Amino acid sequence: MYRLGMEDLWGLLATIRGEILPPVPKGLAGAGRKVFHERDLVACQKSKALELASTKGGMGIVGKQEERLLKAAQIMLRVGDIRSYCRFTAQAGHWERAICIAPAVSQKFWADLCNEYIETLSATTDIEECAPFWIATGKADLLIDACIERSELDKAFVIAKTEADGLLPSVPQPSAASATCAASAVGDDSRLKLEAVAANLAQLHSDSGEPLQASMCLLAVSQGEHAASLLSRSHEPVLAYVVCDLLGLPKDPVDLKLLAQCMERDSRWATAGELLRQHPSGPTLHLPLLAARCPDKELAMQWSGWSAEQYQQAIPVALECGDMPSAVLSAVCAAEHTQAAEVGVEALTALLQRPEGWSIAEARSLMDPLECLPLQDMPVKDIANVLAFASYLGLVEASENNYHELVFPLAQTLRNIVMHQNLRFPVTMAEVTMLEATTTASHAPASSVLRLQELLASGELPEHLHPVCQQHIAEIQAMPTGRDAAQKSVYRGLGRMAGAQLPTCYKRYAKTSVLTNALIKGPAFELEDRKLHVSLPDALAWARVNAFSPLNTGCKITPV
């Protein structure tokens, strides 16, 4: 099935790679591209303007000749061709406007226009009436801001690009030296302005559930890593992988794991192995785990040359050396599931209590092998301990990546496990509440500040964390709002999945999410009990930080 925007995606990737795509014949689906790379943007806009200006009236031609000339003039203006703007404006009969802008080209050109017949035009407050004067006087920023305020972000993007390339007139400077310094500063500011407009445009598409179009806005300014990240965070792992592969960028480890799990469930073990080989921890961690699960022992030997007996012998050696990640990995690969759970939980407890702190990478080296245990078939104690640490590490990862939608479900899952199983967890629930409040600050700052203040007053927070909590309150109160916050959000947090809000059934048949207790508006994902559900975007987001089902049965969640 044809998908809108795919030709634009291939065109952007081809331009970045220095390739030339063959032209698509007219009449075929997707023949008209709408998104172009910044290298082609100005030329395409000029071509569009010339086509508008040269079109003769006739059957099938929309609009009058005057309207087409004015559209062509505006396009030429946005790409910095002031001479053509004046010519097209004059041809449309708006001579006075053309004469006012003509000095930006040259005095001779202005004089030539003055010698021609002038038709008057009453002034209006339309932005298109103000735009020429802003451009001619070197105040393109005002025009960009006006376009953004009118939600005409595509126009703002074109203007910002032409300004960044130095194609627009600059503000006159009193001396040559000051003009040189000003030009350098304007060049840097113009590039930042271009990227900011691209981020705003990408955010608009992302909020509308169009991750493909949003990523192309970032690709158009050569931000390949941000584009791939946005696709990944919008639950498009295949497209994210393709973009990274074609542009020679490092793949997202989360995408590699999810795609490998998908291949493994389909018994495509060789493909799963190739995907995990590209993972930063693939050769040392994920490939040995895959080999232990793979029924094809000949294929498994290509990923790990050790047998189960060799892993069994490596366990005491690793414990004696204090190499806990290797001990847990060896125990899992040797099918010593109970020992693996016990050693892993003890090592994670010691890691979280370490005075000098810990990192997600260190914790993941212990948790990733535990995710491969058949936890649903193990004792309740092992299930509870592993699930508690999985929930907490997922909460920390969600906090670091600003996945605020997941914070409350993960925190509540952790509380339920610790309280119902009476676990001695190394992190207090007050610390969990503080982490939860600070993560949701970008989404609901007032609520976060209130929760942190209540936490300080409750006396439940450890004394040494009071200054940290107070610092968080001050930072939240000083956070930017409006456009600056929107520009930052497109680079972090979860994106809206394509089709996530499309209804899949009548409202009376809609399922209720176990994470939010609200009706699921879009596609639902059935959990392992075949009765309860979560929304598909929530399931995909949950799997990014926690491999286990939110029902706390020990089963895995595999939405990809």
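The values are calculated or read from the model by the stated rules, or taken from the named source; none is laboratory data. Owing to the predicted nature of the structure, the values given are computational and were not obtained by experimental measurement. Neighbour counts run over all protein chains shown; Cβ positions are idealised from the backbone, glycine included. Remember, those area values only see protein heavy atoms, side chains included, never the ligands or the DNA or RNA. Shrake-Rupley method; radii C 1.70, N 1.55, O 1.52, S 1.80 Å.
Which members of segment 506-560 meet the condition of being in a loop (DSSP other than H, G, I, E, B) and among the acidic types (Asp, Glu)?
GLU528, ASP529
Identify all residues within segment 315-346 that are among the hydrophobic types (A, V, I, L, M, F, W, C) and in contact with a Leu (Cβ under 9 Å, 6 or more places away or on another chain); write none if there are none.
ALA318, MET324, ALA327, VAL328, LEU329, VAL332, CYS333, ALA340, ALA341, VAL343, VAL345
Can you work out which of the residues in segment 452-467 that are open to solvent by less than 80 Å² (accessible area, probe 1.4 Å) and touching a helix residue (DSSP H, G or I) at 6+ places or on another chain (Cβ under 8 Å) is nearest to ARG492 (Cα to Cα)?
Among those residues, the one meeting the criterion is LEU452.
Every residue in segment 316-329 that is over 19 Å from GLU362 (Cα atoms) and among the aliphatic types (A, V, I, L, M), please.
Scanning segment 316-329 gives a single hit, VAL317.
Can you spot a residue in segment 86-94 that is hydroxyl-bearing (Ser, Thr, Tyr) and modelled with pLDDT under 75?
No; the residues of segment 86-94 include none that is hydroxyl-bearing (Ser, Thr, Tyr) and modelled with pLDDT under 75.
Within segment 278-307, how many residues are open to solvent by 20 Å² or more (accessible area, probe 1.4 Å), under 16 Å from ARG265 (Cα atoms), not hydrophobic (A, V, I, L, M, F, W, C) and not in a loop (DSSP other than H, G, I, E, B)?
So the answer is 1.
Among what's in segment 27-73 and is at pLDDT 75 or above and basic (Lys, Arg), pick the residue that is surrounded by the most Cβ atoms within 10 Å (Cβ to Cβ).
ARG68
Somewhere in segment 129-141, is a residue under 25 Å from ALA196 (Cβ atoms), exposed (fewer than 14 other Cβ atoms within 10 Å of the Cβ) and at pLDDT 75 or above?
No, because not a single residue in segment 129-141 is under 25 Å from ALA196 (Cβ atoms), exposed (fewer than 14 other Cβ atoms within 10 Å of the Cβ) and at pLDDT 75 or above.
Answer yes or no as to whether GLN412 is surrounded by fewer than 22 Cβ atoms within 10 Å (Cβ to Cβ) and under 20 Å from VAL534 (Cβ atoms).
Considered against the rule, which asks whether it is surrounded by fewer than 22 Cβ atoms within 10 Å (Cβ to Cβ) and under 20 Å from VAL534 (Cβ atoms), GLN412 comes out as yes.
Hey, VAL317 hits all of (1) touching a helix residue (DSSP H, G or I) at 6+ places or on another chain (Cβ under 8 Å); (2) without any contact (Cβ under 8 Å) to a residue 40 or more places away in the chain; (3) outside any loop (DSSP other than H, G, I, E, B) but one; which does it fall short on?
It is condition (1) that VAL317 fails.
Pairs please, first residue from segment 419-430 and in contact (Cβ under 8 Å) with a residue 40 or more places away in the chain, second anywhere and open to solvent by less than 90 Å² (accessible area, probe 1.4 Å) and among the polar types (S, T, N, Q), Cβ atoms under 8 Å, 6+ apart in sequence or on different chains.
If the second residue must be open to solvent by less than 90 Å² (accessible area, probe 1.4 Å) and among the polar types (S, T, N, Q), the pairs left are PRO426/THR349.
With respect to GLN471, is the statement that it is modelled with pLDDT under 85 and open to solvent by 60 Å² or more (accessible area, probe 1.4 Å) true?
The answer is no for GLN471.
Got a number for residues in segment 80-114 being in contact with a Phe, Trp or Tyr (Cβ under 6 Å, 6 or more places away or on another chain) and either open to solvent by less than 50 Å² (accessible area, probe 1.4 Å) or not in a helix (DSSP H, G or I) (or both)?
Number satisfying all stated conditions: 1.
Within the set of pairs 6+ apart or on separate chains, which have a first residue in segment 86-97 that is of a type in the set (Lys, Arg), a second that is surrounded by fewer than 22 Cβ atoms within 10 Å (Cβ to Cβ), and C-beta atoms under 7 Å apart?
ARG97/LEU121
Please give the helices (runs of 4 or more DSSP H) falling wholly within segment 323-400 in which 1 or more residues are open to solvent by less than 30 Å² (accessible area, probe 1.4 Å) and under 18 Å from VAL427 (Cα atoms).
Once the helices (runs of 4 or more DSSP H) in segment 323-400 are filtered for at least 1 residues that are open to solvent by less than 30 Å² (accessible area, probe 1.4 Å) and under 18 Å from VAL427 (Cα atoms), what remains is 337-352, 360-370, 380-400.
Can you tell me which residues in segment 526-553 are surrounded by 21 or more Cβ atoms within 10 Å (Cβ to Cβ), in contact with a helix residue (DSSP H, G or I) (Cβ under 8 Å, 6 or more places away or on another chain) and not aliphatic (A, V, I, L, M)?
Correct list: ASP538, TRP542, ARG544, ASN546, PHE548, PRO550.
Look through segment 424-433, keep the residues that are in contact with a helix residue (DSSP H, G or I) (Cβ under 8 Å, 6 or more places away or on another chain) and open to solvent by 20 Å² or more (accessible area, probe 1.4 Å), and return whichever of them is nearest to ARG354 (Cα to Cα).
Step by step, filter segment 424-433, then rank; the result is PRO426.
May I ask you to list the residues in segment 430-470 that are in contact with a Cys (Cβ under 8 Å, 6 or more places away or on another chain) and part of a helix (DSSP H, G or I)?
MET434, LEU452, LEU455, LEU456
So, SER222, is that one in contact with a helix residue (DSSP H, G or I) (Cβ under 9 Å, 6 or more places away or on another chain) and surrounded by 24 or more Cβ atoms within 10 Å (Cβ to Cβ) or not?
For SER222, the condition - in contact with a helix residue (DSSP H, G or I) (Cβ under 9 Å, 6 or more places away or on another chain) and surrounded by 24 or more Cβ atoms within 10 Å (Cβ to Cβ) - is not met.
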